[in-house]
Every structure is written in C-alpha cells, then in structure tokens.
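Right, one structure below, let's go through it.
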Amino acid sequence: METYIIVGAVIVAWIWSGLLADRYALRKAYKEQYRLHNIMTNRYNFVVDMLNEEQQIILHKWYVDTNVIEEGV
C-alpha cells in the first residue's frame with residue numbers, strides 16, 4: 001500500500017513539474033513577444049510623429065489597403 005502512495009506521489013510530482021515548465025516557457029515567450037511589440041510600436045510612433053497630417057493620412061490609407069490594420073483601428 002505504501003508503495004502505491006509513493007509511486008502515485010512521484011507521478012503527480014512529475015506531471016506537476018511538466019505543467020510548471022510549460023507554463024514558464026509560455027510566459028517567457030509571451031514576455032519576449034510583448035517586448036518586441038513595444039519596440040515596434042515605439043518605432044512606428046516615432047516615425048509617425050515626424051510626418052505631417054497629410055502624410056499620416058496617406059500612411060493610414062496604405063496600412064488599411066494592405067490589411068496591416070482594419071479601418072476601425
């Protein structure tokens with residue numbers, strides 16, 4: 001009986017460690033994507049701030065035409 005409890009505890013610990021490792025890997029990948037997204041957004045905002053209003057409208061139209069963004073965004 002004690003053997004079954006020990007084996008069961010080892011199996012549960014093994015499954016739990018796998019779940020935690022997967023969660024850590026997903027969180028790490030998400031943080032990297034979030035960091036890269038912020039870099040791209042800052043670069044985009046920097047460039048757009050240098051454009052005049054007419055150029056911003058042309059850029060926005062091009063983004064909508066090429067399906068980079070949707071019109072409502």
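Can you tell me which residues in the stretch 29-73 are modelled with pLDDT of 90 or more and charged (D, E, K, R)?
Within the stretch 29-73, Lys31, Glu32, Arg35, Arg43, Asp49, Glu53, Glu54, Lys61, Asp65 meet the criteria.
Taking the stretch 41-60, which residues are part of a helix (DSSP H, G or I), of a type in the set (S, T, N, Q) and over 17 Å from Glu71 (Cβ atoms)?
Passing the criteria: Thr41, Asn42, Asn45, Gln55.
The values are calculated or read from the model by the stated rules, or taken from the named source; none is laboratory data. Worth saying up front: this structure is predicted, and the values here are computed from it rather than measured. Please note: Cβ atoms are built from the backbone with ideal geometry, for glycine as well, and neighbour counts cover all protein chains shown.
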